[in-house]
Amino acid sequence: MEIKTLQIPENNSEPITIFEGKAPSPLPPYDYQGFQYKTLDVKSFCKIVEAKGELYSAVIFGNEEGFHAILNDEVTDRAKDTVTMPFTYSVQMEEWAPVLEDGHVFKLKELIDYIKRSDNQTIENFEMLLDSFRNFKYVSNITGDFTFDNRNNYTFCVKVKDAEGTVRIPQTFLANVEIYKDSGWFQWMEIEIEIEQPKQAGEQPFFLLRCPKFPRYLQSAQENLYDQMKKELDGWLVVQGSPTKD
């Protein structure tokens, strides 16, 4: 593109710049890229859709990653406005994620400290579970293999100083966890306990906490948010899936 300067001799002494060539299309001030809103909870997502969307031309998608809405699907001459809500873990879920997602191995003190951060609103039979782990603090030796009783407990024969006795640990316990932030959806999740016996006398066992059913709980939490969103956006086009481009 050439740039020429033209001097106007009469009343205007300022130079005028003339551009020769083809202007970009569209011109930069009007090159609208679409507006992308991002929300953090279902109510905010729905408020944006209702305030900025067109009832009969908006499309709302739900999938395993969250929600995505095209606010007006009939727009073809520019980028479309959209709003998203990614699924976000709650603070409580962040604390439980190592156990629920992949399972986590604890030393005894680590496990006691981890359980102590909860309460009887989060863990069923909280005090009983905590006491059963605390009993191991005084064990000087575990004798023989553990057995199972009719109450679904591990039973250990132990020696505390010169005295012998038994210690019982449940094989499972229930934790009440809100997976997604501000969802208000709590689920009682079954946590399994596996015990690795010490290899030498005087050593304490390791404890594996894991949740094989977590994928089911995760799916239930996602379905709950999807149902909340559909209820809030009654009359709007809500589908399961995601937008694609040809």
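Points to keep in mind about this one:
- Counting charges near W188 (Lys, Arg +1; Asp, Glu -1) among other residues having Cβ under 15 Å from its Cβ returns a value of -3.
- Annotation note: GluC sites (Glu not before Pro) in region 51-108 located in DSSP loop regions with a Cβ neighbour count of at most 12 within 10 Å are E64, E74.
- Each of the peptides 116-122, 126-132 was scored by the mean count of other Cβ atoms within 10 Å over its residues; in descending order, highest first, they stand as 126-132, 116-122.
- Against the criterion of solvent-accessible heavy-atom surface with a 1.4 angstrom probe, W185, W96 sort, most first, into W185, W96.
The values are calculated or read from the model by the stated rules, or taken from the named source; none is laboratory data. Note that the structure is a prediction, hence the values are computed from the model and not measured. When we count neighbours, we look across all protein chains shown, and the Cβ atoms used for this are built from the backbone with ideal geometry, even at glycine. For accessibility, only protein heavy atoms count, side chains too; no ligands or nucleic acids. Shrake-Rupley method; radii C 1.70, N 1.55, O 1.52, S 1.80 Å.
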